[in-house]
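J.: Starting off with a structure, shown below.
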Amino acid sequence: MSTEPGVEKVLVTGASGYIATHIVQQLQQAGYKVRGTVRSLTNPKKVGPLISKLRQPGNIGQMAIHLLSMSVYLSVCPHAEVLVTGASGYIATHIVQQLQQAGYKVRGTVRSLTNPKKVGPLKELCPNAAHELELVEADLTNEACWKDAVQGCSHVIHTASPFPDKSPKDENIVIKPAVEGTTNVLQACVDVGGVKRVVLTSSVAAISDLTETNTEPITEETWRNMNSPMEDAYGKSKALAEKAAWDFVEKLPAESKFELAVINPSMVLGPVICGVPGTSVEVIRRILERDPPAIPKLNFPVCDVRDVAKAHVVAMTHPDAPGHRHIVSPHNMWFREMADVLREEFRDKGYKPPSMMAPPLLLKMVSWFDSTVKYILPLQGHKTTLSNHRLTEVLGIKPYEPKESLIDMAYTCIDKGFIVRKKQYVNPKTQQTQTTEGASASP
Ligand SMILES: NC(=O)c1ccc[n+]([C@@H]2O[C@H](COP(=O)([O-])OP(=O)(O)OC[C@H]3O[C@@H](n4cnc5c(N)ncnc54)[C@H](OP(=O)(O)O)[C@@H]3O)[C@@H](O)[C@H]2O)c1
């Protein structure tokens, strides 16, 4: 077989189907460039074999996949290499997985290659991946290590940043690595060259301190009030790091320019596929373990980790993403609603999420000796909503329902031992049980 003159690229619809995979394979073997359509790029069973078929000898050139269900165009270049910083984190593991499922070559940075709890799960994220995940060591505070990490990458997704569960006494412990780390990564992109776009993981904390009940949803135009009553080093670190990134890119001379897109997630829920429990697990652990036994009147803007990861992956190639922030915060949940959802699902599995509300005065008293509680006091009673226009209309992402996110998160946390397993516990999806109560994995 040989290619017909004038035929450059062939579109195969329903590319993951029985017949279509053979058509794709034969077209590729004949030297055609092929574009396939799939309904979702995140189904490894369908996309994995397709990508490996497309990678057989003789397959050269670019493959592109239309994500019809999202009406979004993603260009997947088998030779494009993506750097994901902080790859072993809660959000980053989902990003790495989705990138690998979409056929990208991925390089991830971790602080230590010798920590099996963090590195082990990373290697198993996408068993059918066309390219093995490459891991390199890099620390945000070590400027010198980033050139090697960035070398050869056309896209960078920068998620690494300190995410403590409470504010340290010296806020610079969080702010310095966040800000300097971001500029170190961006400077390496300039020094090495060849990077087309950087996607930065910021936060809604860079947009609002969430201490107000608003009438109109807050948009990406807004920036955090740096004189906020919140003693929140993390929130400040996110605003300062994001500002530093925008300033850095704006000041670049024309010959060194690359694009920047920013993702601003709210409190992230959803399945945990990384190896250690980070700060995100704390809220759900506290509810399931009745710590404390009463519920504060708190409302959180929330999102699902799978949507956050997808927002990064789409923003990496979407033509309208550069130069923009993208809020990912489709829902709000009261703490009480979270406890209700978890009680309904896990009551017969031995868990008793609290139902009693904590009086504000009691919370104030607890805050005198518990700094985590002190941190949340200014948030009490407020519900801050945020606009998701760019998430749904531009990036084309249909968000998960928060109930599903919460339940999926709880099951994965219990299965991984991040939350104490009760004797009666059984995961209905995996039928995973444990005979002895109290097993809890140490971080
Ligand atoms: N989870 C949320 O609710 C949420 C919401 C909005 C925004 N975000 C942002 O999303 C990003 C990822 O957060 P996450 O929830 O996935 O938290 P996470 O699991 O704690 O991940 C943070 C990652 O950053 C890395 N990191 C921290 N300090 C570092 C340093 N000095 N040098 C190199 N790497 C460093 C960590 O590496 P180690 O594993 O070595 O510690 C880890 O891989 C962060 O930028 C966070 O601010 C998170």
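J.: Just give me the residues in region 14-42 being part of a loop (DSSP other than H, G, I, E, B), surrounded by 17 or more Cβ atoms within 10 Å (Cβ to Cβ) and over 34 Å from the mean Cα position of the chain (by Cα), in sequence order.
T.: Tyr32
J.: How do the helices (runs of 4 or more DSSP H) wholly within region 211-320 filter down when requiring 2 or more residues that are within 14 Å of the ligand (Cβ to nearest atom), in contact with a helix residue (DSSP H, G or I) (Cβ under 8 Å, 6 or more places away or on another chain) and without any contact (Cβ under 8 Å) to a residue 60 or more places away in the chain: which remain?
T.: Result: 233-250.
J.: Scan region 347-362 residue by residue and report those that are outside any loop (DSSP other than H, G, I, E, B) and either of a type in the set (S, T, N, Q) or at pLDDT 95 or above (or both).
T.: Listed by number, the residues that qualify are Arg347, Asp348, Lys349.
J.: Every residue in region 148-169 that is surrounded by fewer than 16 Cβ atoms within 10 Å (Cβ to Cβ) and touching a residue at least 12 places away in the same chain (Cβ under 8 Å), please.
T.: Asp148, Gly152, Pro164, Asp165, Pro168
J.: Another one. Under the condition of being aliphatic (A, V, I, L, M), more than 9 Å from the ligand (Cβ to nearest atom) and more than 21 Å from Pro121 (Cα to Cα), which residue from region 133-161 is farthest from the chain's Cα centre (by Cα)?
T.: Ala144
J.: Another question, then. Among the residues of region 114-134, count how many are small (Gly, Ala, Ser) and in a loop (DSSP other than H, G, I, E, B).
T.: Number of matching residues: 2.
J.: Can you tell which of Val328, Val341 is under 27 Å from Thr213 (Cα atoms), at pLDDT 95 or above, not assigned by TED's automatic domain parsing to the domain that holds Ala206 and not charged (D, E, K, R)?
T.: Every option except Val341 fails the conditions.
The values are calculated or read from the model by the stated rules, or taken from the named source; none is laboratory data. What you see is a predicted model; the values in this text were computed from it and never measured. With ideal geometry, Cβ positions are generated from the backbone for all residues, glycine too; neighbour counts draw on all protein chains shown.
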